[in-house]
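Notes follow the structure.
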Amino acid sequence: MEPGAEHQQQLRSLRDFLLVYNRMTELCFRHCVCNLNYRLLTGREETCLDACAGKLVRSNHRLMSAYVALMPSIMQRRVADYETGTAQGSAQEGPAAPAALPGAGGHGAPLDPPAAPSPDGPLQGAPGAGTSHG
């Protein structure tokens, strides 16, 4: 990977992480903090925030484990579907130049793996995940 492309990927990863972190913070804050009259959190609010954040992180780990386990079979099925479609198309039209596999990176470029969701990706559709600021 080129240094510029690697830098862009790192920036995208950082941006995704910060978006998820902000969503999680907002979700747990709205759920757990009910009184803004004091500078410090109450013991109940702290316990609630710990439980909320822990629950979201654990659920995300389970989701990522399932994603990692299923991704190879999904990619194999896509390749098989593509090859079947190409074989049917070439049988009807005759020999033609092979088309690039979607997501294969174009002419001679290495195959890029599909972008994995960020570690806290499931929060994006969570209730109260709220507003986007950008």
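The values are calculated or read from the model by the stated rules, or taken from the named source; none is laboratory data. Since the model is a prediction, treat every value here as computed from it, not as a measurement. Here Cβ is always computed from backbone atoms with ideal geometry, including for glycine, and neighbour counts include all displayed protein chains. Keep in mind that these areas ignore ligands, DNA and RNA; they rest on the heavy atoms of the full protein, side chains included. Shrake-Rupley method; radii C 1.70, N 1.55, O 1.52, S 1.80 Å.
Solvent-accessible surface of protein heavy atoms, probed at 1.4 angstrom with all chains present, puts His31, His61 in the order His31, His61, largest first.
A simple rule links phi to the HN-Hα coupling: the Karplus curve 6.51 cos²θ - 1.76 cosθ + 1.60 with θ = phi - 60°, which for the stretch 81-88 gives 4, 5, 5, 5, x, 5, 5, 5 Hz, with x for Gly and Pro. Give me the percent of the accessible area of the stretch 1-78 that comes from carbon and sulfur atoms, probe 1.4 Å, all protein chains in place. Looking at the stretch 1-78 in its full context, I get 59 percent from C and S. Residue-wise HN-Hα couplings along the stretch 11-25, as the Karplus relation 6.51 cos²θ - 1.76 cosθ + 1.60 with θ = phi - 60° gives them from phi, are 5, 4, 5, 5, 4, 4, 4, 5, 5, 5, 4, 5, 5, 4, 4 Hz; Gly and Pro carry x. Loop-resident trypsin sites (Lys or Arg not before Pro) (DSSP state other than H, G, I, E or B) in the stretch 1-63 with no more than 11 further Cβ atoms inside 10 Å of their Cβ: Arg39.
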